[in-house]
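One structure is given below, encoded as structure tokens.
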Amino acid sequence: MPKRVEKATEQISFLRVMNKKKAFTLIEILIVLAIVGMIIGIGIPQVQRVFRTNLKSSAAKLSGLIRFAYDSSVVKGITHRIVFDFDKRSYKLEVSPKGDLISLDNEKAKKDAELKKSLDQDKESEKPPTFYPYEGEAGKEMVLPSGIIFDSIENISIKRKITSEIAYLYFFPQGMTENVIIRLKSEKGEAGYYSIKVNPANARAKIEGRYIEEK
């Protein structure tokens, strides 16, 4: 058999083998894709369940700190506050050495002569007092679980909704706090929302697994 014919025959055989291998590889790819699809289909509900659990536990832990801050403020006779940091996804408890009543709306506080008179404030005491971290475990900065963030903190009393930077929730030694709704959510929307509605009279927190709107 001439050499050219032999080479041509070898090339044809090689191409046939390659074609068979390509077809086999394509089947393997399809099988792998099918398996991956099944894994994803099973995995997504599991991921949602994990985020939902983290949302619920975060709301419960935060509501516990709210109640603690309220009780501590009354017992110690000094103003407490929880500081919410949206960027860090964290919150912490701070205290003031004074028992001053503080308003989140500074302009309103300046104009409210009756409030100033009742608290017997002078020019020096009108300045916001300095706050310090609460001593012990309760004063440590707490970070939300991975994938969980603050959606918003809404002060119903002064109609202010904060969605970024820093927000505060104050507790006063007179046995008062603020009428607020704290909303948590999963960062990518996998598990929806959890909301904490704080009762200003006793700091009891109502937790719901949804986005609460003030009526």
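Brief remarks follow.
- Interchain or long-range residues, amide H under 5 Å from residue 176's placed H: none
- Stretching the chain fully between residue 210 and residue 49 yields a gain of 56.5 nm (0.36 nm per residue, less the alpha carbon separation).
- Nonpolar atom fraction for region 160-215, defined as the carbon and sulfur part of the 1.4 Å probe accessible area, stands at 46 percent.
- Counting 0.36 nm for each residue step from residue 199 to residue 71 and taking away their Cα separation leaves a gain of 44.7 nm.
- For residue 160, distant residues with modelled amide H under 5 Å away: 155
- Vicinal HN-Hα couplings computed from phi for region 58-63 (Karplus, 6.51 cos²θ - 1.76 cosθ + 1.60; Hz; Gly/Pro x): 5, 5, 5, 5, 5, 5
- 3J(HN,Hα) along region 158-171: 10, 6, 10, 10, 9, 10, 7, 6, 10, 10, 10, 10, 9, 10 Hz, from the Karplus curve 6.51 cos²θ - 1.76 cosθ + 1.60 with θ = phi - 60°, whole Hz, x for Gly and Pro.
- Residue 27 accessible area, 1.4 Å probe, all protein chains in place, Å² to nearest 10: 90 Å²
- Amide H to amide H distances under 5 Å link residue 134 with 93, 94, 95, where only residues 5 or more positions off or on other chains count and H is placed in the peptide plane.
- Backbone HN-Hα couplings from phi across region 75-82 [Karplus 6.51/-1.76/1.60, Hz, Gly and Pro as x]: 5, 7, x, 9, 6, 10, 8, 9
- Against the criterion of solvent-accessible heavy-atom surface with a 1.4 angstrom probe, 57, 195, 63 sort, most first, into 57, 63, 195.
The values are calculated or read from the model by the stated rules, or taken from the named source; none is laboratory data. Model, not experiment: these values are computed from the prediction. Please note that ligands, DNA and RNA were not included when accessible areas were found on the heavy atoms of the full protein model with its side chains. Shrake-Rupley method; radii C 1.70, N 1.55, O 1.52, S 1.80 Å.
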